[in-house]
Amino acid sequence: MRMQRLGDGVTVSAIGLGCMGFSQGYGAADDAESTAAIRAAYEAGITVFDTAMSYGLGHNERLVGQALAETDALVATKFGIVRTDAGVGLDGKPENVRGYCEASLARLGREVIDVYYLHRVDPQVPVAETVGAMAELVSAGKVRHLGISEASPEQLRAAVAVAPIAAVQFEWSMLWREPERDIVPVARELGVGLVPYSPLGRGLLTATLDAGTAADADFRRHDPRFQGEHLDENLAQVAALREMAARLGISAGQLALAWLLAQGPDVMPIPGSRRAARILENAAAAAVELGAEELAVLEKLVPADGWSGDRTSFAVPSTTRGA
């Protein structure tokens, strides 16, 4: 497995595993099958497993912790999105951070969290105050490194001013190129690693979905990119991606992941899947190296402005859907 380098001295496998789908977003999952998939990922060289306290109301952390027991895998988890039977909210209050961390540690069955993310910035709390409380967890030995998810450039700057930030998470894929205009350059200026979630465009870039199946998951049903004319245009882009992948002898999904990895040595996509075979296929993308000529051809075939639909119309505030 090829390795990449995030911020704060964190070395990771080029491909991580996003674990949300084992507990929510894509229908019912089987814990035994999920455990086998997580272990297959670890055996394939994936070193980072990304979960959150909100995924499945804690189920995901328990599942990941049990599957990775007695391994040296790096576990990243997140706090700040609070799901209850009554609904979903945000909580970045400094006085609550330690309690959330200790609850996650208990569910994971671990003494230390490798990367602890603020899942979403609480608009009622200055991000510097939340990150200050997170930094205390590092001093206490409960957390090794800090991260932040879906932060604006200004929020990322404020976080870095308080404590080292190893990584910033955000949606980034060939289907969604907006981060290249703002958060990517700022993160690189600050030495923060880039962790794209939904790097396969919520499944669309695998070229396994069509007009009849694209909106068959809760995670996509309300996304404009999977509706009507937007979907038609995006499927045409996917067809071009699939054709180029076929010429290279790889899958469309592998090409999409290889494109992300080609954006720099500080990028670690975290595609998710509930099936071991798909996870192994994704992991193999780390061995695909695209040259300048191939990247130029790809940019012409599936350009940044060729995709249709704005995810921000449903993802902000992103407390009911999203990673």
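Quick rundown of the values:
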| read-out | value |
| --- | --- |
| Selection from the stretch 16-51 of residues that are polar (S, T, N, Q) and within 18 Å of the chain's Cα centre (by Cα) | 23, 24, 34, 47, 51 |
| Scope the stretch 8-28; condition of a type in the set (Gly, Ala, Ser), farther than 25 Å from residue 288 by Cβ and buried (at least 18 other Cβ atoms within 10 Å of the Cβ); matching residues | 23, 25 |
| Breaking point among (1) touching a helix residue (DSSP H, G or I) at 6+ places or on another chain (Cβ under 8 Å); (2) assigned to a loop (DSSP other than H, G, I, E, B), for residue 129 | (2) |
| Subset of the stretch 103-117 that is small (Gly, Ala, Ser) and surrounded by fewer than 21 Cβ atoms within 10 Å (Cβ to Cβ) - its residue that is nearest to residue 78 (Cα to Cα) | 103 |
| Out of 318, 308, 251, 273, sole residue that is surrounded by 16 or more Cβ atoms within 10 Å (Cβ to Cβ), at pLDDT 95 or above and hydroxyl-bearing (Ser, Thr, Tyr) | 251 |
| Matching residues in the stretch 75-101 - criterion: being part of a helix (DSSP H, G or I) and among the β-branched types (Val, Ile, Thr) | 97 |
| Residues of the stretch 25-66 that turn out to be closer than 24 Å to residue 80 by Cβ, part of a helix (DSSP H, G or I) and touching a strand residue (DSSP E or B) at 6+ places or on another chain (Cβ under 8 Å), as a count | 5 |
| Complete set of residues in the stretch 42-60 that are farther than 21 Å from residue 27 by Cα and either in contact (Cβ under 8 Å) with a residue 40 or more places away in the chain or among the hydroxyl-bearing types (Ser, Thr, Tyr) (or both) | 42, 44, 45, 46, 47, 48 |
| Subset tally (residues that are touching a Pro at 6+ places or on another chain (Cβ under 9 Å) and in a loop (DSSP other than H, G, I, E, B)) for the stretch 10-24 | 3 |
| Subset of the stretch 88-118 (residues that are modelled with pLDDT under 95 and not aliphatic (A, V, I, L, M)) | 89 |
| Criterion: in contact (Cβ under 8 Å) with a residue 60 or more places away in the chain and either of a type in the set (Gly, Ala, Ser) or in contact with a His (Cβ under 9 Å, 6 or more places away or on another chain) (or both) - qualifying residue of 249, 264 | 264 |
| Hits in the stretch 170-211 (condition: under 23 Å from residue 156 (Cα atoms), without any contact (Cβ under 8 Å) to a residue 40 or more places away in the chain and not in a helix (DSSP H, G or I)) | 170, 182 |
| Odd one out for residue 122 among (1) over 15 Å from residue 263 (Cβ atoms); (2) outside any loop (DSSP other than H, G, I, E, B); (3) in contact with a Gly (Cβ under 8 Å, 6 or more places away or on another chain) | (2) |
| When residues of the stretch 212-227 are limited to those that are closer than 20 Å to residue 28 by Cβ, of a type outside the set (Asp, Glu) and part of a loop (DSSP other than H, G, I, E, B), the one modelled with the highest pLDDT | 213 |
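The values are calculated or read from the model by the stated rules, or taken from the named source; none is laboratory data. Quick caveat: nothing in here was measured; it's all calculated off a predicted structure. Every residue, glycine as well, gets a Cβ built from its backbone with ideal geometry; the counts of neighbours run over all protein chains shown.
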